[in-house]
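The values are calculated or read from the model by the stated rules, or taken from the named source; none is laboratory data. Fair warning: this is a prediction, and the values are worked out from it, not measured in the lab. Neighbour counts run over all protein chains shown; Cβ positions are idealised from the backbone, glycine included. Heavy atoms of the whole protein, side chains included, go into the accessibility calculation; ligands, DNA and RNA do not. Shrake-Rupley method; radii C 1.70, N 1.55, O 1.52, S 1.80 Å.
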Amino acid sequence: MLEKAYAPRSVEAKWAALWKAKKSFHAEAKDGGERPYVIVIPPPNVTGALHIGHALNNMLQDVLIRYHRLHGRVTCWVPGTDHGGIATQSVMEKQLRAEKLTRHQVGREKFLERMQQWTRDCKSTILGQLARLGCALDLDREAFTMDEPRARAVYKAFEDLWGKGLIKRGERMVNWCVRCGTALSDIEVEYEERKGKLWHMRYPGSDGSEGLVVATTRPETMLGDTAVAVNPRDGRYAKLVGKTLTLPLMDRNIPVVADDSVDFAFGTGAVKVTPAHDPNDFEISQRHQLPSIKVIGPDGRMSAAAGPYAGLSREAARDKVVEDLGARIEKIEDHPHSVGTCYRCNQVIEPLLSWQWFVSMKPLAEPAIKALDEGRFKLFPESKGIEYRNWLVGIKDWCISRQIWWGHRIPVWYCMGCNKDVIGAGTTKEESGGFSLHQVAGAKGVISLERPGNCAACRGDDWIQDPDVLDTWFSSGLWPLAVFGWPDETKDLKYFYPTQVLVTGYEIIYLWVARMQMMGLELRGEVPFPHALIHGIVRDKAGKKMSKSLGNVIDPLVMMDKHGTDAFRFSLAVQAHLGRDIPFAEDSITGPRNFANKVWNSTRFVLMNLPETPPEGGYPLDKLSHCCLELADKWILAEYQATLAEVRKRVEAYEIAQAADALYTFLWDKFCDWYVELAKIRLAGIDGEGKEAARAVMVQVLTGTLQMLHPFMPYITEELFEALKPFAGINADSVLDSKAPALEFDWADPETSARMKALMEMVVAIRTTRSELNVPPKLKLKAFFQNGHDEGKKALIQERSDYILHLARLESLAPAADANRPAGSVTAVAAGCTFYLPLEGVVDFQKERARLEKELVDIEKQLAGIQTRLSNLDFVKRAPAEEVRKAQAQRDDLSAKKVRIRETLASLG
RNA sequence: GGGCAGUUAGCUCAGCGGUAGAGCACUGUCCUCACACGACAGGGGUCACAGGUUCGAAUCCUGUACUGCCCACCA
């Protein structure tokens, strides 16, 4: 016998252990046959434990995997983790800081050793958490973006793109994070609006004239100015173009150039040009052959080129420059503007001119756009596809080199013999970092995964590897290919690739989804997955992002411990609408937790009403001649069938929330509240055939519902299925190994549903009357009914009076002796029938009168609405006949009801 | 500046051409022999606003106002 309330702990432990022991989630590649259903996990970074967003992401994938497995597909869900580049290196640097160490003190090799150890620990934490969540991952396929097979994939991709001329090295303006000490790609920069100022400063003419005034938000960069630009059509400055100005503080002569990019409505219409520290200025400098002067170094401090300001921080230099300019600053305005910040550490980004590696993206984006346009790739929800497309159309080159240590080292080597003169003296073989590419800027590289042999040119073997590592997203972009052994044409790759769907949050559509599409198309000529399910972010109830600093994070493990994994999963699932954020608080789990208990207890009830040992073959529906089924049976079977169809439609459209909701509503509101209550009549009786029919229907419908619910609530459904399956006549070891329910007969029947609906309305009407008049629930009433002229209703009531008796708690129900209300009775009207409940001395008839009067008002209001509609000839003429009929039926029903209530009121005196 | 979402019951959200739903919260009755993590009943919304299309609009179209997100070279 099951416990009275569902206790998740032991059940979860039992099934998790069982799945693991049986390797339930492992799939082997086959030589053909039906295509498997494959998902590769978005590999979590090895930065620590998983958060609630990971729980959402993985729950969704698990739902899809388990669903498709139940529906007969071979499924494979590949687990793995991502080395996480800057993010993970930051975590380690923080640890080092606690030991008062820097990574440079530790050294590259030792640092990487520590990273490896950390990664090992972290991976096991993550996999443990995923297992706890119930994820049906194929653990034999676990991959890591920096393990050996993945390293080969990265090398191959680099070599391929390099060979096609799509990877280039160059000195360009990049986003430099001063704290992380590395370049970032454009999409790794986040912009935020900040309060700033606009300084107007005067640059005098070299000839002693008054010159002009430039406006800037960054006065400190003036130290690196090499020109001032004005719009060629701006009359105010026409006579200055071609002249030179004297740069204050630096006493340098700089030209005034005319450039179309200058907006003469902004500021003073004159722009100071600092090519080394502003992307726009850099472009202007390219157009006018202006020199670049780097006055800010990679450490965020002013460089030697800044003269007396060298060594100052950017902020201090700004203050000092402003102070030193003195009266040459003619105006200071408030000027809010957006500032780029590092997406990992939130520090202000410094645009910096430096040597980096770039991927030309235009040629890669074109096939991706084509794939989208041709429908070979689709995002869910579709609206995300618009944003995705726009981004691809406007794509820029991708800076892939990072000046950090944790990552795939760029597979390019420089021969020290050949490059003696160009490689800076400061570089050693072991140590690098900072502005490393400057030092190898002019060197000629050789591509190789391993250290090359003797140099083809000078026969030397003294090599230095390019010190930079690749952007972590470079390897992530290869993930779906790499997990199956690409570039080797493995059996796995042939069978499992391409995958079916990628499940991820909208925040990494560009960073990751787009890159995978492009890489997949470029390297293998097909999309790595045809669908992307895009979900939102889990936020707190106030709509704020969860973050440690805000202190509003919810730990999924704690939630699972306290309320059970299934309830936790379901609480996310019911809110997982495509592309929408999920407001979440601990109390979000209350409903789902109660639901889990409801699932548990409904099964408990069914089991209590079955014999101890199941009959041979269980209680299959097909053995049951349909003649043994009564109204409620046919009704619930139809509802069940409709629910199965609904759930399938929703899951296949990735509408997980709606699918979960359909199951919830069916099980609770239909199966428990109506069907089970009605089945009790037969279960309590001795009628052999009827009892068997009720048992069969309950067992079959519940078992099937549990199977369909399994993807959402894997643990509890396994436990209950196990108890139920012999009665259902199912042999499978577990839900996971069973087949989703399929009904051979079409149970949908308008007649059945109309009859059931009428009975339900009658029951509700009687209950409402009882409740509103405070009739004690325990009191069983004698009741009489009047069916007006509807003989069908009379037959229905008499045939199924047992339903009404049971659900409305009546002792008896008989036709009223005459057309009048029996003395001392109260009234309930529904479905064209009137019910009289003699309650002399029990209820307050003043209350009854008030109640009926109120109901009458409601009815008249409704009736008026319908009558207006029906008296509209256009409606009758143009609306579908079905709608008109519906309205008429409603009108007839309401007016009959009105008449009944009026009669009753009249008889109340 | 451009794009994309959203604006529905106290709260969080579904619904997306036939006249408003759920969960939680609230009120009342009941510990009725599966479940008080429960049952039954109830209160509560001019579906942001203004036009338009339609027999009929929360639902489609146009515009407005807020809110959020994304993109963009706002010196």
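Summary of computed values
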quantity	calculated
Region A:251-341, accessible area per residue, ligands and nucleic acids excluded (1.4 Å, Å²)	50 Å²
Loop-located GluC sites (Glu not before Pro) in region A:586-642 whose Cβ has at most 15 other Cβ within 10 Å (DSSP)	A:E612, A:E616
Net charge over other residues, Cβ less than 15 angstrom from the Cβ of A:L550 (K, R count +1; D, E count -1)	+3
Region A:207-261 versus region A:856-909: alpha-carbon centroid distance in Å	82 Å
Between region A:296-354 and region A:682-744, the Cα center-to-center distance that results, in Å	70 Å
When region A:178-235 is reduced to its Cα atoms, the Kirkwood hydrodynamic radius in Å	14.9 Å
Percent breakdown of C-alpha pair distances by 5 Å bin, ordered from the shortest bin, for region A:571-683	2, 9, 16, 19, 19, 14, 10, 6, 3, 2
Net charge over other residues, Cβ less than 11 angstrom from the Cβ of A:S313 (K, R count +1; D, E count -1)	0
Amide H partners (placed H, <5 Å) of A:M146, local residues excluded	A:H83
Neighbourhood net charge (13 Å Cβ-Cβ; Lys/Arg +1, Asp/Glu -1) for A:L781	+4
Exposed chymotrypsin sites (Phe, Trp or Tyr not before Pro) absent - longest run of chain A, DSSP non-H/G/I/E/B, at most 14 other C-beta within 10 Å	A:267-744
Global geometry of region A:1-111, whether rounded, prolate or oblate, following the gyration tensor of its Cα atoms and the 1.5 cut on a/c	oblate
Nonlocal amide H pairs with A:V174, under 5 Å, H built at 1.01 Å	A:L352, A:L353, A:S354
Karplus-derived 3J(HN,Hα), 6.51/-1.76/1.60, for each residue of region A:478-484, Hz, glycine and proline x	9, 3, x, 6, 5, 5, 9
Kirkwood-based Rg to Rh ratio, region A:598-645, C-alpha trace	1.01
Low-density loop positions, trypsin sites (Lys or Arg not before Pro), region A:265-374 - DSSP coil, at most 12 other Cβ in 10 Å	none
Distance from region A:523-558 to region A:587-648 (C-alpha centre basis), Å	35 Å
Chain A: Cα Rg divided by the 2.2 N^0.38 Å rule of thumb	1.27
Loop GluC sites (Glu not before Pro), region A:682-735, which have at most 15 other Cβ atoms in a 10 Å radius of their Cβ (DSSP)	none
Selected from A:L212, A:G453, A:Y664, residue furthest toward positive end of dipole (chain A; charges at beta carbon)	A:L212
Rounded to 5, percent antiparallel among DSSP beta bridges of region A:194-266	75 percent
Solvent-accessible area per residue, Å², over region A:445-581 with all protein chains present [probe radius 1.4 Å]	36 Å²
Counting DSSP beta bridges with both ends in region A:469-616, the antiparallel % (nearest 5)	10 percent
Angle in degrees between helix A:85-98 and the longest Cα principal axis of chain A, rounded to the nearest 10	80 degrees
Nearest 10 degrees, 0 to 90: helix A:631-652 Cα axis against chain A principal axis	10 degrees
Accessible area of chain A belonging to carbon and sulfur atoms, whole % at 1.4 Å probe	52 percent
Listed residues A:E34, A:E489, A:E853, A:E93 arranged by accessible area, highest first, probe 1.4 Å	A:E34, A:E489, A:E853, A:E93
DSSP beta bridges in chain A [antiparallel fraction, %, rounded to 5]	70 percent
Net dipole in debye of region A:27-103 [+1 Lys, Arg Cβ; -1 Asp, Glu Cβ; about Cα centre; nearest 20]	180 debye
Size of electric dipole in chain A: Cβ of Lys, Arg +1 and of Asp, Glu -1, about Cα centre, debye, nearest 20	780 debye
